[in-house]
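The values are calculated or read from the model by the stated rules, or taken from the named source; none is laboratory data. The shown structure was predicted, so the numbers you read here are calculated from the model rather than taken from an experiment. Note that we place each Cβ from the backbone using ideal geometry, even for glycine, and neighbour counts take in every protein chain shown.
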Amino acid sequence: MRLTKSAQDNLKDIGGFVAGTLSDVRRKADAVMGRNLITLDFDNIEPLELSSTL
């Protein structure tokens, strides 16, 4: 049985992360109003180094 496009979209829309502000509740490219993101990558850092680094 084939689902309608709307039913497929509802099944796929289970949440996610967007590093920005959306104008709508759906994560679509035309709904992104702006983006702000900082990533920190600490693969091999000791616990004491982490507190002094941040």
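Hey, can you tell me all the residues within the range 16-27 that are of a type in the set (Val, Ile, Thr) and either exposed (fewer than 10 other Cβ atoms within 10 Å of the Cβ) or part of a helix (DSSP H, G or I) (or both)?
Within the range 16-27, 25 is the sole residue that qualifies.
Looking at (1) within 18 Å of the chain's Cα centre (by Cα); (2) surrounded by 10 or more Cβ atoms within 10 Å (Cβ to Cβ), which is the one condition that is false for residue 49?
(1)
Six or more apart or on different chains, Cβ atoms under 9 Å: show the pairs whose first residue is in the range 36-51 and closer than 30 Å to residue 22 by Cβ and whose second is part of a helix (DSSP H, G or I).
40/53; 42/49; 42/50; 42/53
On the given criteria, is residue 9 more than 15 Å from the chain's Cα centre (by Cα), closer than 30 Å to residue 54 by Cβ and modelled with pLDDT under 90?
no
For the range 23-41, how many residues meet the condition of being over 26 Å from residue 54 (Cα atoms) and among the hydroxyl-bearing types (Ser, Thr, Tyr)?
Number satisfying all stated conditions: 1.
Tell me which of these residue 30 doesn't satisfy, since it passes every other one: (1) surrounded by 10 or more Cβ atoms within 10 Å (Cβ to Cβ); (2) in a helix (DSSP H, G or I); (3) charged (D, E, K, R).
(1)
If you check every pair at least six apart or on different chains, which have Cβ atoms under 6 Å apart with a residue in the range 1-30 that is among the hydroxyl-bearing types (Ser, Thr, Tyr) first and a residue that is surrounded by 11 or more Cβ atoms within 10 Å (Cβ to Cβ) and not in a loop (DSSP other than H, G, I, E, B) second?
Close Cβ pairs satisfying both conditions: 23/31.
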